[in-house]
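**Student:** Questions regarding the structure given below will be posed in turn.
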2 protein chains.
Amino acid sequence: MFKLDSRLQQDTFDMGRFSLCRLLLLNDSRYTWFVLVPEREDITEIHQLSAAERALFWDESHRLSVWMTTAFAFDKLNLAALGNVVSQLHLHHVGRRVGDPAWPGPVWGHSPAVSYAEAVVNDIRQLVQRDLLAAP
Amino acid sequence: MFKLDSRLQQDTFDMGRFSLCRLLLLNDSRYTWFVLVPEREDITEIHQLSAAERALFWDESHRLSVWMTTAFAFDKLNLAALGNVVSQLHLHHVGRRVGDPAWPGPVWGHSPAVSYAEAVVNDIRQLVQRDLLAAP
């Protein structure tokens with residue numbers, strides 16, 4: 001039985017589900033930062049997924065990446081599966097802007113997050129549901 | 001005509017080629033750190049690759065990841081495509097050990113690299129050629 005890691009739950013908003021992954025928005029309004037988490041138990045590395053699951057995983061990452069570049073304005077997409085702190089497999093998709101607080105360094109561990117206003121999260125969730133998760 | 005970015009060339013050793021990617025060893029002996037670079041011109045984001053190229057890209061990343069976990073001792077694999085400094089698409093595969101210099105933070109920008117001895121690079125290249133790139 002899959003259970004989302006408590007730290008991920010605390011730091012993110014649930015945006016919905018793809019076939020394999022749960023889609024989360026990280027609660028840091030300084031970046032455009034989504035996280036994919038395969039809803040599978042006891043997986044810490046991408047290569048532990050089956051070939052069929054990996055195909056789904058990268059397809060969902062691709063759809064998210066393409067949609068992010070159309071729906072938000074940023075200069076560079078950072079993709080990363082680190083897991084040094086939270087071992088449950090999760091793949092970061094971070095839209096980076098030249099001159100953002102951590103630019104050009106990595107965002108992880110850089111500085112305290114700046115929370116979203118609730119209305120903005122609801123707007124993003126509506127966009128996600130209409131344009132990304134409901135897409136054929 | 002593909003040309004490896006000069007910064008990547010300077011910081012790495014050429015280990016050989018998969019079908020799509022050039023395989024590099026980052027010159028920092030404190031980590032087990034390989035980099036895949038698709039030999040395609042003017043690509044900065046994974047989602048700019050074609051569907052067929054992405055399938056190859058993730059297959060080569062999978063083969064590298066599985067092989068790294070058998071050939072080296074580390075606790076966590078970090079996968080990342082950042083590109084904030086070097087825009088040419090490249091995918092980091094970093095074997096992390098609990099207590100390594102940057103642990104549990106990210107390795108990028110943490111501290112100056114510690115170069116390999118030439119003999120060690122040659123040993124790793126032999127392993128790569130025999131067990132990874134020559135595999136069926």
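**Student:** Taking 8 Å as the Cα distance limit and 6 or more residues as the minimum spacing, I'd like the relative contact order of the stretch A:6-133 as a percentage.
**Tutor:** Over the stretch A:6-133, the number comes to 29 percent.
**Student:** For A:46-59, what's the mean count of beta carbons from other chains sitting within 10 Å of each residue's beta carbon?
**Tutor:** Details: counts 6, 11, 3, 1, 0, 2, 0, 0, 4, 2, 0, 1, 7, 2.
Per residue, the average neighbour count from other chains is 3.
**Student:** Then there's this: Quick check: at a probe of 1.4 Å, how many percent of the accessible area of the stretch A:95-136 sits on carbon and sulfur atoms?
**Tutor:** Carbon and sulfur together cover 57 percent of it.
**Student:** Ignoring solvent entirely, what values of log10 I(q)/I(0) come out of the Debye formula for the stretch B:18-61 at 0.17, 0.21, 0.25 Å⁻¹ when each Cα is a single scatterer?
**Tutor:** Debye curve over Cα of the stretch B:18-61, log10 I(q)/I(0) at q = 0.17, 0.21, 0.25 Å⁻¹: -0.51, -0.70, -0.88.
**Student:** Calculate, in nm to one decimal, what residue B:48 and residue B:29 gain on full extension: separation in residues at 0.36 nm each, minus their alpha carbon distance.
**Tutor:** 3.6 nm
**Student:** Quick one: putting +1 on the C-beta of Lys and Arg, -1 on the C-beta of Asp and Glu, what dipole do you get for the stretch A:6-133 around its Cα centre, in Debye to the nearest 20?
**Tutor:** In debye, rounded to 20, the stretch A:6-133 gives about 240.
**Student:** Just to confirm the numbers: residue B:126, label point 7 angstrom along the Cα-Cβ line, distances to the other copies in nm, shortest first?
**Tutor:** When each copy's label point is compared with this one, the spacings are 6.5 nm.
**Student:** Right, here's the next one. Mind checking the dipole of the protein assembly as shown: about its Cα centre, +1 per Lys or Arg Cβ, -1 per Asp or Glu Cβ, Debye to the nearest 20?
**Tutor:** Rounded to the nearest 20 debye, it is 40 debye.
**Student:** Treating the point 7 Å from Cα along Cα-beta-carbon as the label, what are the nm separations from residue A:45 to the other copies, to one decimal?
**Tutor:** Spelled out, the distances from residue A:45's label point are 3.0 nm.
**Student:** Can you list, shortest first in nanometers, how far residue B:59 lies from the same residue in the other copies, with each label 7 Å from Cα toward Cβ?
**Tutor:** Listed shortest first, these distances are 1.7 nm.
**Student:** Can you give the helix-only mean residue ellipticity at 222 nm for the protein assembly as shown, where every DSSP H stretch with n ≥ 4 adds -39500 (n - 2.57) and the sum goes over all residues, rounded to the nearest 500 deg cm²/dmol?
**Tutor:** -8500 deg cm²/dmol
**Student:** Using the Karplus curve 6.51 cos²θ - 1.76 cosθ + 1.60 with θ = phi - 60°, work out ³J(HN,Hα) for each residue of the stretch A:56-70 in order, rounded to whole Hz, and write x for Gly and Pro.
**Tutor:** Working through the residues one at a time gives 4, 4, 6, 5, 5, 4, 5, 4, 4, 4, 5, 5, 4, 6, 8 Hz.
**Student:** Something else about it: Can you list the lysines whose alpha carbon is less than 22 Å from that of residue A:76, not counting same-chain residues fewer than 8 positions off?
**Tutor:** B:3
**Student:** Quick one, can you get me the convex hull of the C-alpha atoms of the protein assembly as shown expressed as volume per residue in Å³?
**Tutor:** Values: hull volume 37.7 nm³, N = 272.
Dividing the Cα hull volume of the protein assembly as shown by its residues yields 139 Å³.
**Student:** Now for a different question. To the nearest Å, what is the center-to-center distance of the stretch A:63-99 and the stretch B:97-130, using C-alpha atoms only?
**Tutor:** Centre-to-centre (Cα) distance: 25 Å.
**Student:** Based on the alpha-carbon gyration tensor of the stretch B:6-133, what equivalent-ellipsoid semi-axes (square roots of 5 times the eigenvalues) come out, in whole Å, largest first?
**Tutor:** After scaling each eigenvalue by five and taking roots: 22, 17, 15 Å.
**Student:** Here's another thing I want to ask about it. Can you list the residues, at least 5 places off or on another chain, whose amide H is less than 5 Å from the amide H of residue B:77, using H built in the peptide plane?
**Tutor:** B:96
**Student:** Further question on the same structure: Quick check: net charge around residue A:48, other residues with Cβ under 15 Å of its Cβ, Lys/Arg +1 and Asp/Glu -1?
**Tutor:** So the environment of residue A:48 carries a net charge of -2.
**Student:** Please give the length that would be gained between residue B:3 and residue B:119 if that part of the chain were fully extended, namely 0.36 nm times their separation in residues minus their C-alpha to C-alpha distance (nm, one decimal).
**Tutor:** The span from residue B:3 to residue B:119 would gain 39.1 nm if fully extended.
The values are calculated or read from the model by the stated rules, or taken from the named source; none is laboratory data. All of these numbers come straight from a predicted model, not from anything done at the bench. Neighbour counts run over all protein chains shown; Cβ positions are idealised from the backbone, glycine included. To get the accessible areas, we keep the full protein, side chains included, count just its heavy atoms, and leave off ligands, DNA and RNA. Shrake-Rupley method; radii C 1.70, N 1.55, O 1.52, S 1.80 Å.
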